[in-house]
């Protein structure tokens, strides 16, 4: 890993985090329900994009750096944009307000829809290429 | 507003770089993305801790934006977690089992550590505030 890779990861991570913050902000203004919709939408769209770009540019999922695409976009931007920690914090909050069943539902739903979204991105890239 | 933008950007950049360094330090396990799991668990624990400290006003809003939204968000990743699992699932039946166990490990351990972080920071997850009487 070179200094340039570190720079790409940092730059992508900063931009991705800003976009996450902004999407969360906008979603919060439009939607006022108890479902953590902002984090959910962020994670699902991020999963779609990683599946699409990885397949389109034939990036092995274990290669996280070495070029601007995998270090800046896949590791940096999408890693900064999507979030696992907020999802778990949302679940802990839901457990407090809506019960364990709803918290489990949110976690499992995010993961399954995330898998499907990643697969859709992957399949779309296959169709194109 | 501009403060929040700078703090989230700087925090997210730092978090993403930290994630890469953590992942480089985690021993490589063939066919199991242990490195992403470790980064996610560290982030979830620290996010619980920062959230609790913010709620108790030990940390102010700016620090919370930088650490909670920025660093912990950049440190953890959902996209790499599901994509790694998806690729494993498409490889073979035995890898499919590993992928499901891997996702469950992320979800369950992540939940446990976020609660631990919240408790350590002095805040159990508080139920929705009760309406004030009187």
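Key figures
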{"item": "Relative contact order, percent, chain B [alpha-carbon distance under 8 Å, six or more residues apart]", "result": "35 percent"}
{"item": "Fewest-first sequence of B:76, B:94 by Cβ atoms within 10 Å of each Cβ", "result": "B:94, B:76"}
{"item": "Crossing angle, helix A:3-30 versus chain A [Cα axis fit, 0-90 degrees, rounded to tens]", "result": "30 degrees"}
{"item": "For the stretch B:70-113, the spread of Cα positions along each principal axis, largest first, Å", "result": "37, 20, 7"}
{"item": "Where only alpha carbons of chain B are counted, the Rg and the Dmax (Å)", "result": "17.3, 63"}
{"item": "If the convex hull is drawn through the Cα atoms of the stretch A:20-108, its volume per residue in Å³", "result": "98 Å³"}
{"item": "Degrees separating the helix B:34-55 axis from the principal Cα axis of chain B, which is the longest one", "result": "10 degrees"}
{"item": "Ranked B:71, A:6, criterion: other C-beta atoms within 10 Å, fewest first", "result": "A:6, B:71"}
{"item": "Ordering of B:29-37, B:57-65 by burial proxy (mean other Cβ atoms within 10 Å per residue, highest first)", "result": "B:29-37, B:57-65"}
{"item": "Alpha carbon convex hull of the protein assembly as shown, projected area averaged over orientations, nm²", "result": "14.9 nm²"}
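Readers should treat all values here as calculations from the given coordinates under stated rules, not as data from a laboratory. Every value quoted in this text rests on a predicted model; they were computed, and no experiment measured them. Cβ atoms come from the backbone with ideal geometry, glycine included; neighbour counts cover every protein chain shown.
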